[in-house]
Amino acid sequence: MPRQSTSLTQATPERIAETALRIVDEDGPAALSFRTLAAALDISVAALQRRCTDLAGLLDLITDHLAARLPSIPADTDWASATEQRFTALYELLTAHPGLIVLRGARPWLGPQLLKRLAEPHMADSIKAGMTPEEAILTYRRLYLLTLGSASFVDHRDPKSAERTTRQALAALDPEDFPHLTGNLSTIVRAVVDHEVYYGALRQLIDAAAAARTRPQSRD
């Protein structure tokens, strides 16, 4: 049977997502196209487009496939621990696939799996823990943006490259104009790729939200 007649049953969403992700991880974000993906799947471009329509649809399919790997947290887990587990898992998922972040750019992550495994349980747990809906979504946005931003600006699969780029930029500065940056070059370079920058900030945000949740309300 010619490739153009390949049944859509062979191009399952799971197979499309896994194959596309492999291309991005191994060859870089620029390597992903409908033509290369269709060839890797041994199907026609038309068949692939019937599944994904366009690149935006393909990226949504990939990210929602990944989001299904986020853990389900037991219902009796305390709020702080559950929150740290959820967002740590998201951070580890994102840093493992930096090319996908590059492709998605500023597109929101609103697939059903992400909402089911991250946003909805966070809102439910936060309201159950005593937050108002407004406080719960504000906390979620802070944690989400911290996580996405921390994963976006450094390719953690290639930390040496990030260190080298930062070192070269700082080394080119005039020490008289930038004494603190040039004088602490090694310390700054290490911080660029240190995962503890994220983990520490995550814990600080969680602790601050927990403290606000238990703070007595002022009375007029």
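Some notes on this structure:
- Scanning region 200-216 for residues that are at pLDDT below 90, surrounded by fewer than 16 Cβ atoms within 10 Å (Cβ to Cβ) and in a helix (DSSP H, G or I) yields Ala211, Ala212, Thr214.
- Taking the listed residues Arg164, Arg104, the one that is among the basic types (Lys, Arg) and within 30 Å of Leu55 (Cβ to Cβ) is Arg104, with no other qualifying.
- When region 71-93 is filtered for residues that are closer than 18 Å to Ser152 by Cβ and of a type in the set (A, V, I, L, M, F, W, C), the ones remaining, listed by number, are Phe87, Ala89, Leu90, Leu93.
- Check on Thr88, farther than 20 Å from Leu21 by Cβ, open to solvent by 30 Å² or more (accessible area, probe 1.4 Å) and either in contact with a His (Cβ under 8 Å, 6 or more places away or on another chain) or of a type in the set (Val, Ile, Thr) (or both): no
- Members of region 112-162 that are under 14 Å from Ala210 (Cβ atoms), within 16 Å of the chain's Cα centre (by Cα) and open to solvent by 30 Å² or more (accessible area, probe 1.4 Å): Arg142
- Unique match (being touching a residue at least 12 places away in the same chain (Cβ under 8 Å) and within 17 Å of Gly149 (Cβ to Cβ)) among Leu70, Leu66, Leu114: Leu114
- Of residues in region 44-53 being assigned to a helix (DSSP H, G or I) and touching a residue at least 40 places away in the same chain (Cβ under 8 Å), the one surrounded by the fewest Cβ atoms within 10 Å (Cβ to Cβ): Ala46
- Against the test of being open to solvent by 60 Å² or more (accessible area, probe 1.4 Å) and under 24 Å from Ala106 (Cα atoms), the options Val193, Val197 yield a single qualifying residue, Val197.
- The lone exception for Ser72 - which of (1) over 19 Å from the mean Cα position of the chain (by Cα); (2) surrounded by fewer than 19 Cβ atoms within 10 Å (Cβ to Cβ) it fails: (1)
- If you filter region 22-43 down to residues that are outside any loop (DSSP other than H, G, I, E, B) and not hydrophobic (A, V, I, L, M, F, W, C), you find that the one that is nearest to Arg104 (Cα to Cα) is Pro29.
- Scanning region 175-190 for residues that are open to solvent by less than 70 Å² (accessible area, probe 1.4 Å) and either within 28 Å of Tyr144 (Cβ to Cβ) or in contact with a strand residue (DSSP E or B) (Cβ under 8 Å, 6 or more places away or on another chain) (or both) gives Ile188, Val189.
The values are calculated or read from the model by the stated rules, or taken from the named source; none is laboratory data. As the structure is a computational prediction, the values presented were derived from the model and not from experiment. FYI the Cβ positions are ideal-geometry reconstructions off the backbone, even for glycines, and counts take in every protein chain you see. Remember, those area values only see protein heavy atoms, side chains included, never the ligands or the DNA or RNA. Shrake-Rupley method; radii C 1.70, N 1.55, O 1.52, S 1.80 Å.
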